[in-house]
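Just so it is clear, none of the values below were taken in a lab; they were calculated from the coordinates. Given the structure is predicted, the values throughout are model-derived calculations rather than measurements. In this analysis, Cβ positions are derived from the backbone assuming ideal geometry, glycine residues included, and neighbour counts consider all displayed protein chains.
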Amino acid sequence: MNKVDDYGCAGGMRCKSPVAQHGCTLQANATASLSVWPERSSYSLTSPNYFPIACAAHERLELAVMRRQRLLLTWMGEQDQTPRSEPVQALDVATRDGAEWLRIQRPDGQSEEVRLDRILAASEA
């Protein structure tokens, strides 16, 4: 196992995040648990500026989309700053307006986008 850098990334494939251009590498581990979410400072949860997430966490979300996995997602609401937690279908990870987003489908069928740095936890549902 390679040493993990400040962004939570370890050796393997090159980081492909268009926002997090910090030159890290991430370990391509298809069996990595989604329940492990890297620690980060709380200022990123309320900041209007995007704070890039760890490459390993980004890769886990992309794998969940590719595998059409249902996730138990916990995230900070953008308007009310209240933590929300519910089972969702991961639909897509996209970059827009200098930030990265996870498009989800909620149990009621409604689609929503969650900014990646507002996600508190993600695990297989």
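Quick notes
- Residue-wise HN-Hα coupling along segment 75-89, computed from phi with Karplus coefficients 6.51, -1.76, 1.60 (Hz; x: Gly, Pro): 9, 8, x, 6, 7, 9, 6, 9, x, 10, 9, 6, x, 9, 9
- With neighbours defined as other Cβ atoms within 10 Å of a residue's Cβ, the residues 74, 82 order from fewest to most as 82, 74.
- Computed extension gain for residue 92 through residue 120, at 0.36 nm per residue and net of the alpha carbon distance, reaches 8.3 nm.
- Amide H contacts under 5 Å for residue 91, placed H, 5+ residues apart: 103, 104, 105
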